[in-house]
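Asker: Okay, here's the structure, questions in a sec.
The values are calculated or read from the model by the stated rules, or taken from the named source; none is laboratory data. Note that the coordinates shown come from a computational prediction; the quantities given were computed from them, not determined experimentally. Please note: Cβ atoms are built from the backbone with ideal geometry, for glycine as well, and neighbour counts cover all protein chains shown. Just so you know, the surface numbers come from the protein's heavy atoms only, side chains and all, with ligands and any DNA or RNA stripped out. Shrake-Rupley method; radii C 1.70, N 1.55, O 1.52, S 1.80 Å.
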Amino acid sequence: PSALAALAPRGVAALAAVALACTAGRAAFAWVCRRGVPAARPGGLGSTVAGSQPWWMAPAWWIVLAVAGFLGWGWRGLVAIGVGALLVVVLSRHTARRFGGMTGDVLGAASEVATTAALVLLATGGPTSW
């Protein structure tokens, strides 16, 4: 909520920041669902999407988002997407080891981690091109 409150007075830039952060959260799904990561439970939500994405899908999205972040916020935008992506990779690795695969809760956590990291970092300064 604090990051959103800090962005609120920025008008169109705030909407762009929220869109960028939410898209980063959606890109996190592709990393968690990449091929080679099994479902932790055969009957859970994770079993319906585990291994459904090629390994390159999330990095491709994160590159596109990093470019968009850089164009809108300079280095801050690039770092916002990079930190979110790094946290998702660490979370996915940890949960795959800990649970033996991915779950629906891991999908949700990955999305929230990437979105929150991007929002917090984008809220710390203004965009450079708005």
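Asker: Is one or more of the residues making up segment 69-87 in contact (Cβ under 8 Å) with a residue 60 or more places away in the chain, open to solvent by 80 Å² or more (accessible area, probe 1.4 Å) and within 22 Å of Thr103 (Cα to Cα)?
Answerer: No, segment 69-87 has no match at all.
Asker: Kindly provide the set of residues from segment 1-40 that are touching a strand residue (DSSP E or B) at 6+ places or on another chain (Cβ under 8 Å) and either of a type in the set (S, T, N, Q) or open to solvent by less than 20 Å² (accessible area, probe 1.4 Å) (or both), ordered by number.
Answerer: Passing the criteria: Ala30, Val32, Cys33, Val37.
Asker: Which condition number in (1) under 21 Å from Leu121 (Cβ atoms); (2) of a type in the set (A, V, I, L, M, F, W, C); (3) at pLDDT below 95; (4) surrounded by fewer than 15 Cβ atoms within 10 Å (Cβ to Cβ) is the one that Ala58 fails?
Answerer: Evaluating Ala58 over (1) under 21 Å from Leu121 (Cβ atoms); (2) of a type in the set (A, V, I, L, M, F, W, C); (3) at pLDDT below 95; (4) surrounded by fewer than 15 Cβ atoms within 10 Å (Cβ to Cβ) leaves (4) as the failure.
Asker: Within segment 91-100, can one find any residue that is in a helix (DSSP H, G or I), small (Gly, Ala, Ser), under 22 Å from Ser2 (Cβ atoms) and in contact with a Phe, Trp or Tyr (Cβ under 9 Å, 6 or more places away or on another chain)?
Answerer: no
Asker: Assess whether Trp56 counts as being without any contact (Cβ under 8 Å) to a residue 24 or more places away in the chain and among the aromatic types (Phe, Trp, Tyr).
Answerer: When the stated conditions are applied, Trp56 passes them.
Asker: Scan segment 32-80 for residues that are outside any strand (DSSP E or B), out of contact with any Ser or Thr (no Cβ under 6 Å at 6 or more places or on another chain) and either β-branched (Val, Ile, Thr) or within 17 Å of Leu91 (Cα to Cα) (or both) and report the count.
Answerer: 17
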